[in-house]
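Here's the structure we're looking at; comments come further down.
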Amino acid sequence: MIQLEVRHVECSVAAPPSRLPGLDRAVNPYRGCAHSCAYCYAQDVTRFETDRPWGDVVEAKVNIARRLKHELSRDAKGVYGIGTVTDPYQPLEEKLELTRSCLALLRRFGARASVLTKSDLVLRDIDLMRDWPGVEVGMSIACADDATAAVVEPHAPPPTNRFGALARLSAAGVDVYLMAAPIIPSLSGSRDQLESLVDAAHGSGVRRIIWDMWSPKPIASLRLREALDGVVAELAELAGSSRGARSSAEAVLASVCSDRGIQLVSAF
């Protein structure tokens, strides 16, 4: 079992510019993620601790709220993405409350915030999100089945918990969406699995789904193949970025979402 190494660090910038569509700035209170999702691209993109197993080192930016307050006092315009690289509600957040502190500041300064997580810990901050028209919460769920998700998301809350969180947020009037990603053909890309995902989202009050296929990257590919060894019959199918696999998944999602009155949006 991995022994989590926690480092307290300080950041020089709390909300650097974001390159993601629809987001102007990125707020990531943590580097590294204890959820340890096998498919996660963060190590490939950030080169964070590439010689260590993903998920056994997390850096907490303990001064991020102080830096964010300073930056917001100068300019609070635009949309702030919370958790664009690593999960803002991973287990450490329960104790450190770095994400909560950032959200409180964003609300106080009248900023807009887009939160993305795969943890029902987000419900702790429902008091901040209720009656805040400038916030939305996206829940990342790649498949609806708890057992399947546990194979590739070993330390993340199960999908049933996440759908429950979406339902409670929606009932509280918070704008929510489902991030259906990454869709992995050999694991979660069958018609039945995609229908189950959309149906669970619909039952949780979701009316917008953003989706994407898994895009193979070197480090993440090695982790995913190791996690799925003996679980799926054809590891070659993991290359889910092929045009045929993407078109097939999109056609199923578009059909099911249309039937349920859900807006479907491609992530990229």
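The values are calculated or read from the model by the stated rules, or taken from the named source; none is laboratory data. Bear in mind that the values here come from a model prediction, so they are computed numbers and not experimental data. Glycine gets a Cβ as well: all are built from the backbone with ideal geometry, and neighbour counts include every protein chain shown.
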When region 128-142 is checked residue by residue, the ones that are part of a loop (DSSP other than H, G, I, E, B) and at negative phi are 130, 132, 133, 134, 141, 142
Across region 5-34, what is the total count of residues that are in contact with an Asp or Glu (Cβ under 7 Å, 6 or more places away or on another chain) and within 21 Å of residue 210 (Cα to Cα)?
1
Could you grab me the full set of residues in region 126-139 that are closer than 24 Å to residue 32 by Cα and buried (at least 22 other Cβ atoms within 10 Å of the Cβ)?
137, 138, 139
Residue in region 215-237 that is surrounded by fewer than 20 Cβ atoms within 10 Å (Cβ to Cβ), modelled with pLDDT of 95 or more and under 18 Å from the mean Cα position of the chain (by Cα) present
no
Count, please, the residues in region 190-208 that happen to be under 21 Å from residue 244 (Cα atoms) and either free of Cβ contacts under 8 Å to residues at least 60 places away in the same chain or touching an Asp or Glu at 6+ places or on another chain (Cβ under 7 Å) (or both).
4
State all residues of region 38-73 that are surrounded by 21 or more Cβ atoms within 10 Å (Cβ to Cβ) and among the aromatic types (Phe, Trp, Tyr); if no residue qualifies, say none.
39, 54
Could we say that residue 35 is of a type outside the set (Gly, Ala, Ser), over 20 Å from residue 106 (Cα atoms) and exposed (fewer than 12 other Cβ atoms within 10 Å of the Cβ) here?
no
Within region 74-92, is there a residue that is buried (at least 21 other Cβ atoms within 10 Å of the Cβ) and part of a helix (DSSP H, G or I)?
no
